[in-house]
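Q: The structure is given below, and queries will be raised subsequently.
The values are calculated or read from the model by the stated rules, or taken from the named source; none is laboratory data. Just so it is clear, the structure is predicted and the values come from calculations on it, not from any experiment. Heads up, the Cβs are rebuilt from the backbone with ideal geometry, glycines too, and the neighbour counts pull from every protein chain shown.
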Ligand SMILES: [Zn+2]
Ligand SMILES: [Zn+2]
């Protein structure tokens, strides 16, 4: 039936066995391995003439954008590394498993891993929780209630203190939803945020510099709280910005956003990430 495209037919037919049916990507949270593989099947069906590399690139871009949108401050792997990681998963491991070319132990390993986070953060440590008297913490607060999560990675790849719990939660989740995203409250928050953005976009359609500033709420609390409602805020870039921000105008950056037709939402995320990176490197 697919005489004209035997290669394509074989590829998608063989691939659907491992990890489930083709499915578009849920853009509201960082995906699991399973979601990435299912998305690769979906893209293979949608764009049958795209190469494995082309599909890996599309997936990598989407995944990076999701991570930047849900938490603009997390240090991420560079794009090439993500493409390689996607390609390895979707077009090497999944294919080998489907063709039963992978040793049983490795197949078991991948099947167990399938519903965990496809992690593209550049932090490679385990984000250990240490006690106040640990040499890496050195906290002398009386009756301290803080959960000291430490990132032992080098400065360039270090996760900001207030984002460690979020990343740790994402890494420990099984299945698509982490504890930071459970329940209907979050969905309402997402809708609300979307509504706010639309209003923002209507009132300031192109001003990228001001939209970056708009995302930095001046009333943002500097204190760290772990109440449930604050946990839900971790998924909202707007309200998760709990560090003082540099509000310097960056007109060249803004101009490039306008030129590239980048949405104010993505522009704000990129801008925030860039400013934080520069500050982490002590350049501003
Ligand atoms: Zn402490
Ligand atoms: Zn780390």
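Q: Contact list please: Cβ distance under 8 Å, first residue in the range 39-56 and farther than 16 Å from residue 94 by Cβ, second residue modelled with pLDDT under 95 and assigned to a loop (DSSP other than H, G, I, E, B), pairs at least six apart or on different chains.
A: Partner pairs satisfying both residue conditions: 48/5.
Q: Quick check: anything in the range 55-77 away from ligand 1 (no atom under 16 Å from the Cβ) and over 18 Å from the mean Cα position of the chain (by Cα)? Break it down stepwise before answering.
A: Restricting attention to the range 55-77, the residues satisfying the condition of being away from ligand 1 (no atom under 16 Å from the Cβ) are 55-77.
Add one more test, that the residue is over 18 Å from the mean Cα position of the chain (by Cα), and what stays is 55.
There is at least one residue in the range 55-77 that is away from ligand 1 (no atom under 16 Å from the Cβ) and over 18 Å from the mean Cα position of the chain (by Cα).
Q: Only one of (1) in contact with a helix residue (DSSP H, G or I) (Cβ under 9 Å, 6 or more places away or on another chain); (2) over 26 Å from residue 64 (Cβ atoms); (3) without any contact (Cβ under 8 Å) to a residue 40 or more places away in the chain fails for residue 149. Which number is that?
A: Every condition holds for residue 149 apart from (2).
Q: Examine the range 147-155 for a residue that is at pLDDT 95 or above, in contact with a strand residue (DSSP E or B) (Cβ under 6 Å, 6 or more places away or on another chain) and assigned to a helix (DSSP H, G or I), and state whether such a residue exists.
A: Among the residues of the range 147-155, not one is at pLDDT 95 or above, in contact with a strand residue (DSSP E or B) (Cβ under 6 Å, 6 or more places away or on another chain) and assigned to a helix (DSSP H, G or I), which makes the answer no.
Q: Let me ask you something else. Can you pull out every residue in the range 114-144 that is touching a residue at least 12 places away in the same chain (Cβ under 8 Å), over 23 Å from the mean Cα position of the chain (by Cα) and away from ligand 2 (no atom under 16 Å from the Cβ)?
A: Of the range 114-144, the ones touching a residue at least 12 places away in the same chain (Cβ under 8 Å) are 114-125, 127-132, 134, 136-137, 144.
Adding the requirement that they be over 23 Å from the mean Cα position of the chain (by Cα) leaves 130-132, 134, 136-137, 144.
If the condition is that a residue be touching a residue at least 12 places away in the same chain (Cβ under 8 Å), over 23 Å from the mean Cα position of the chain (by Cα) and away from ligand 2 (no atom under 16 Å from the Cβ), then 131, 132, 144 are the ones that fit.
Q: Right, another one. Can you name the number of the only condition in (1) over 14 Å from residue 118 (Cα atoms); (2) in a helix (DSSP H, G or I) that residue 83 fails?
A: Of the numbered conditions (1) over 14 Å from residue 118 (Cα atoms); (2) in a helix (DSSP H, G or I), the odd one out for residue 83 is (1).
Here's the yes/no breakdown for (1) in contact with a strand residue (DSSP E or B) (Cβ under 7 Å, 6 or more places away or on another chain); (2) part of a helix (DSSP H, G or I); (3) modelled with pLDDT of 90 or more:
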site	(1), (2), (3)
2	no, no, no
9	no, yes, no
14	no, yes, no
20	no, no, no
54	no, yes, yes
63	no, yes, yes
72	no, no, yes
94	no, yes, no
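Q: Between 139, 125, which is surrounded by fewer than 16 Cβ atoms within 10 Å (Cβ to Cβ) and within 16 Å of ligand 1 (Cβ to nearest atom)? Don't jump to the end; show me each part of the working.
A: Numbers: 125 fails: within 16 Å of ligand 1 (Cβ to nearest atom).
Only one candidate qualifies: 139.
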